[in-house]
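Structure, as structure tokens:
The values are calculated or read from the model by the stated rules, or taken from the named source; none is laboratory data. None of these values were measured; they are calculated from a predicted model. Note: ideal-geometry Cβ built from the backbone for every residue, glycine included; neighbour counts use all protein chains shown. Just the protein is used for accessible areas: all its heavy atoms, side chains included, with ligands, DNA and RNA removed. Shrake-Rupley method; radii C 1.70, N 1.55, O 1.52, S 1.80 Å.
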Amino acid sequence: RITCVKRVFWHVAMIGRGCKLDLKLISALIERWRPETHTFHIPCGECPITLEDMQLQLGLLMDGYVVTGSAQSTDWGAVCYKLLGAISDRINGGRIKMGWLRDTFQELDDDSTELERIRYARAYVLEMIRGYLMPDLSRNLVHLRWLLKLVDFKVAGEFSWGSTMLSKLYQEMCGATVPNKAKIGGYLSLLQSWARYRFLFLRPRVKHSASYVGIPTSLEDIQLLLDQQSKEQFQWTSYKDPTIRVVILDEFFQNPNIWPVKVPMVTYAIMEMHQSDRVLRQFEFRQRIPVSLEELDDEHKTDL
């Protein structure tokens, strides 16, 4: 059973480690994000992070079950004890402290039972979800509703975790466009790597084994490069690059038909549109004039 959940999260857990975020690059990208279209606006057109990026960069399932359901519980303490074998001394609205999770599940003994290993795996995935896959501004708290999706690891492996993470990142980027908003959540390592896949002038060049060169260091320089070079040096189909293609497992290319689907992505109370019809060039199709936008104003403003 643990193998099922390892298959889903192991790859993304490994590639997310040790990634240093370039906050100025992220700020420059958010300036160009349009909440009404869920795309970045640059001189060559519109471009977003899509389901294709989630699968080919992170290896996450796209066409599984939606991660949603009731987030209400009469006794979150009972849920916590049943699935983790321990109860946090402070459960606030279904949320527990990340510190308690780390302190309670530090490491397994060599003689641990299968039940203990299952509980440890649940705690690890729970920490990973809130720690860096889908963080929000309350980074020290995690909601136990995610634990409800880890009751059966075989079932957990059939959820569309890729669209789940993407909808959360969309929501956080939309919220960050508000004037004077100083913080942003979501899987920012993906946002940064997406930019370096797509914009040739943002890719670091290795000078020697210990350093990288060529990336602008000031916000103004990054803004200027995005304005001046995006049209000539934006990679619409970066995964066709042989140097990139060679490091992606063939199994991630098994079902590409799901990538260009225009569909609302639902995760609990989150609903964000995957506006793939506006960026057909990313999927090697001819771009047609986009139809009028879907009206999701009420759903877009919903939170827990």
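Worth pointing out:
- The set of residues in the range 120-143 that are surrounded by fewer than 20 Cβ atoms within 10 Å (Cβ to Cβ) and either basic (Lys, Arg) or touching a Lys or Arg at 6+ places or on another chain (Cβ under 7 Å) (or both) comprises Glu127, Leu137, Arg139, Asn140, Leu141.
- Out of Leu147, Leu126, one residue alone is within 20 Å of Asp89 (Cβ to Cβ), touching a Cys at 6+ places or on another chain (Cβ under 8 Å) and not acidic (Asp, Glu). It is Leu147.
- Some residue of the range 18-34 being of a type in the set (S, T, N, Q), open to solvent by 50 Å² or more (accessible area, probe 1.4 Å) and at pLDDT 85 or above: yes
- Some residue of the range 50-59 being buried (at least 21 other Cβ atoms within 10 Å of the Cβ), in a loop (DSSP other than H, G, I, E, B) and on the phi < 0 side of the Ramachandran plot: yes
- Any hit, the range 225-242, residues being surrounded by fewer than 18 Cβ atoms within 10 Å (Cβ to Cβ), farther than 23 Å from Ile26 by Cβ, modelled with pLDDT of 90 or more and among the β-branched types (Val, Ile, Thr): yes
- Qualifying positions in the range 11-41 - part of a loop (DSSP other than H, G, I, E, B), of a type in the set (A, V, I, L, M) and farther than 17 Å from Ile184 by Cα: none
- Residue list for the range 144-159, restricted to those being touching a strand residue (DSSP E or B) at 6+ places or on another chain (Cβ under 8 Å) and open to solvent by less than 10 Å² (accessible area, probe 1.4 Å): Leu144
- Pairs, first closer than 18 Å to Arg34 by Cβ in the range 175-187, second of a type in the set (Lys, Arg) and crowded, with 18+ Cβ neighbours inside 10 Å, C-beta under 9 Å, six or more apart: Gly186/Lys168
- Those residues of the range 251-283 which are assigned to a strand (DSSP E or B), touching a residue at least 60 places away in the same chain (Cβ under 8 Å) and β-branched (Val, Ile, Thr), in sequence order: Val266, Thr267, Ile270
- From the options Asp75, Asp63, Asp89, residue that is surrounded by fewer than 17 Cβ atoms within 10 Å (Cβ to Cβ), of a type in the set (Asp, Glu) and within 22 Å of Thr164 (Cβ to Cβ): Asp63
- The range 60-97, subset touching an Asp or Glu at 6+ places or on another chain (Cβ under 8 Å) and at pLDDT 90 or above, residue nearest to Ala121 (Cα to Cα): Gly85
- Checklist (1) touching a strand residue (DSSP E or B) at 6+ places or on another chain (Cβ under 9 Å); (2) under 19 Å from Phe159 (Cβ atoms) applied to Met54, failing item: (1)
- Checked against the criteria, Pro204 does not count as under 26 Å from the mean Cα position of the chain (by Cα), at pLDDT 90 or above and either open to solvent by 60 Å² or more (accessible area, probe 1.4 Å) or under 30 Å from Pro256 (Cα atoms) (or both).
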